[in-house]
Amino acid sequence: MNLIKIIPFVLFSNSCFSQTNSEKYIIDDGIMVEKPDGKRPYDEIYNNNNIIYTHGKKFTYSYFYQDIKGEKFLIKKGKEILQPEGYSIAGWEFVKTDKQDKETINHLILKPKLGNPFERVVPDYNQTAIGYEYVMANGEFLSTEETGAIENEMNVWIHPPRNDFFKILEINPFPYIKAPYQIGTKWNWSLEIGDHWSDKRWLEWKGGIENQYTYEIKDKKNILTKLGNLECYVVHANANNRIGKTELISYFNPKFGFVKLEYTNIDNTKTVLELEKID
């Protein structure tokens, strides 16, 4: 299902998997996805039924990182880092919000895409392709990445941004909501994470870890966003593993998707993403 291994472990609460749904969906690594059909085009199966994450849209997010003292930072381009293969990539570093420059990442842009971008390595990939662009103040990208999302009537689940500093979010609960959309719906999930996601700037570890997640829709309320007042389902999620725990409070609107994500990181710092606009 994904380029990382996801462990099937899901508890359905207050819902039933009907015969009609069993004809349309399968449970793949704990998440409900559209049933594959070799007679139909990829986009017809995994993209055409999307309402939120549809091709042609551009979701622009602002963000900040908050340390344990409460001081806020952004991320900027750092020194070039030589790779073992002989080429260099741009590093990153923290910058105080009042010290940002033209190489500071101001926004993250999520773009749904058509087709299977991983067809050569994962021909049976069954997600909507999405791309992230890390946009600096000068209009250039510090980096870009391609990953995936799942959207259907049973659940909405997306990979968070995970390049540069944002790889810290791999250790946190992923944005995820499961039907029925109502207060009290609960579910579980699991994910194996390798030590290549570690970093001395938050936490280093050796060997794999396994996140055990619990999710619950705790509330439904109007919140003020850059898109105006929106009614959102408030999903509280926790992740526990052998190195510690992380948290995510996500605000989900059925029309605009995940409009705000409030992460508590593995080192008790915070990362907050907020949807600014949709083009």
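Over all distinct alpha-carbon pairs, what is the Kirkwood Rh of the range 109-195 in angstrom? Intermediate results must be reported in sequence, preceding the final value.
Numbers: mean 1/r = 0.0673 Å⁻¹.
One decimal place: 14.9 Å for the Kirkwood radius.
Given contacts defined as C-alpha pairs under 8 Å and at least six residues apart, what's the relative contact order of the range 135-279, whole-number percent?
Details: 299 pairs, mean separation 25.4, N = 145.
Rounded, it is 18 percent for the range 135-279.
Which of K102/K255; K102/K221; K72/K200; K111/K221 have a Cα-Cα distance over 31 Å?
On the way: K102/K255 33 Å; K102/K221 37 Å; K72/K200 19 Å; K111/K221 27 Å.
Too far apart for the 31 Å limit: K102/K255; K102/K221.
What is the mean projected area of the alpha carbon convex hull for the chain, to one decimal in square nanometres? Present the calculation step by step, with values, prior to reporting the outcome.
Numbers: hull surface 61.5 nm².
Convex hull of Cα atoms, orientation-averaged projection: 15.4 nm².
Mind checking which aspartates and glutamates have their C-alpha under 16 Å from K186, skipping anything on the same chain fewer than 8 residues away?
E216, D219, E247
As an exercise, use a Förster radius of 30 Å and the Cβ-Cβ distance of D37 and V121 to find the FRET efficiency, rounded to the nearest 0.05.
Working from the Cβ atoms, E equals 0.90.
Over all distinct Cα pairs, what is the inverse of the mean 1/r for the range 157-279, reported as the Kirkwood hydrodynamic radius in Å? Display every interim value, and only then the final one.
Numbers: mean 1/r = 0.0667 Å⁻¹.
That comes to 15.0 Å for the range 157-279.
Around T128, under 13 Å between beta carbons, what's the net of Lys plus Arg minus Asp minus Glu among the other residues? Intermediate values should be presented prior to the final figure.
Working: positive: K57, K111, K113; negative: E34, D43, E44, E146, E151.
That works out to -2.
Could you point to the residue in W157, Y125, G38 farthest towards the positive end of the chain's charge dipole, with +1 and -1 charges on the Cβ of Lys/Arg and Asp/Glu respectively?
Positive-most Cα among the choices belongs to W157.
Counting only heavy atoms of the protein chains, get the accessible area per residue of the range 16-130 (1.4 Å probe) and round it to a whole Å² value. Before the final figure, lay out each step's value.
Details: 6650 Å² over 115 residues.
Heavy-atom SASA per residue in the range 16-130 reads 58 Å².
What is the magnitude of the charge dipole of the chain about its Cα centre, with +1 placed on the Cβ of each Lys and Arg, -1 on the Cβ of each Asp and Glu, and no other charges, expressed in debye to the nearest 20? List each step's numbers first, then the result.
Values: 35 positive and 39 negative charges, 120 e Å.
Roughly 580 debye, rounded to the nearest 20.
Could you tell me the relative contact order of the chain? Use alpha-carbon pairs under 8 Å, at least six residues apart, and round to a whole percent.
Numbers: 645 pairs, mean separation 51.1, N = 279.
About 18 percent, as a whole number.
Quick one: pull the percent of accessible area on the range 59-165 belonging to carbon and sulfur, 1.4 Å probe, ligands and nucleic acids left out. Walk me through the intermediate numbers first.
On the way: 2480 of 5130 Å².
Using a 1.4 Å probe with all protein chains present, the range 59-165 comes out at 48 percent carbon and sulfur.
So, by mean Cβ neighbours within 10 angstrom, what's the order for 239-250, 56-67 with the highest one leading?
On the way: 239-250: 18.5, 56-67: 16.4.
Highest-to-lowest ranking by the protection proxy: 239-250, 56-67.
Let me know the charge dipole size of the range 213-264 about its Cα centre in debye, to the nearest 20, where only the beta-carbon of Lys, Arg (+1) and Asp, Glu (-1) is charged. Write down the numbers at each step before the final one.
Numbers: 8 positive and 5 negative charges, 14 e Å.
Dipole size: approximately 60 debye.
Could you work out how far the C-alpha centroid of the range 132-164 sits from that of the range 40-73, in angstrom?
Result: 6 Å between the Cα centres.
Which three lengths, in whole Å and largest first, does the range 64-159 cover when its Cα atoms are put on their principal axes?
That gives 44, 38, 26 Å along the principal axes, largest extent first.
The values are calculated or read from the model by the stated rules, or taken from the named source; none is laboratory data. Predicted model, so just to flag it, every value in this text is computed and none were measured. FYI the Cβ positions are ideal-geometry reconstructions off the backbone, even for glycines, and counts take in every protein chain you see. All accessible areas refer to the heavy atoms of the entire protein, side chains included, with ligands and DNA or RNA removed. Shrake-Rupley method; radii C 1.70, N 1.55, O 1.52, S 1.80 Å.
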